[in-house]
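All of the numbers you see were taken from the coordinates with simple rules; none came from a lab. Just so we're clear, the structure is a prediction, and the values are computed from it rather than from any experiment.
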Amino acid sequence: MACHVEYLEELQIAIRFKHRCNAAHKESVFVHEKTKSGETVWKGYVEVFDLSGYEEVKTCYAWLNRKVNGLKILTVLGNLLIDSAPKAVQAAIFVGAQPAMRTDLDLLNSQLQHAKKALRETQINSEDLDAAIQTTKQFKENIDKRKKEP
């Protein structure tokens, strides 16, 4: 619980620094943004804050974006169009502040590139790798046979 309180305090400090107003935590909202085909674009909790000291805006949506090179706190001010946590996430994705999650195909492509690089660095050629795979399969089949024997 203390960790969550510290997290909320960090978000409040970011809001105070960026928007020059005070923020009181109102609620946590789980957001799961998906494409029309059902693929996850982004999911996580968005913290909703009531603002005081900001004339035009009464609500701020904030969350932590874990990036490859560190963490970034995102804040989105509420307005006529952004009146909910999901809409705040959609707006952040639209302007590029919150990168969408990588698709399965992107992830597989990244893993393939990483594997190819590792193979080049270890100087293993495809024939050696294929032979190792076949040998491993044979060992597994032999183990499976022994398990079935009485």
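Amide H contacts under 5 Å for Asn65: Lys72, Ile73, Leu74, restricted to partners 5 or more places along the chain or on a different chain, H placed in the peptide plane at 1.01 Å from N. Computed over segment 19-91, relative contact order equals 26 percent, with contacts defined as Cα pairs under 8 Å that lie 6+ residues apart. Phi-derived couplings, Karplus 6.51 cos²θ - 1.76 cosθ + 1.60 at θ = phi - 60°, listed residue by residue for segment 19-29: 10, 6, 8, 8, 10, 10, 5, 9, 6, 10, 10 Hz, with x used for Gly and Pro.
Per-residue extension of 0.36 nm, minus the Cα-Cα distance of His4 and Lys26, leaves a gain of 6.5 nm for this segment.
Coupling constants for segment 34-45 follow from the phi torsions by the Karplus curve (6.51 cos²θ - 1.76 cosθ + 1.60, θ = phi - 60°), and in residue order they are 10, 6, 4, 7, x, 6, 5, 9, 7, 8, x, 8 Hz; glycine and proline get x.
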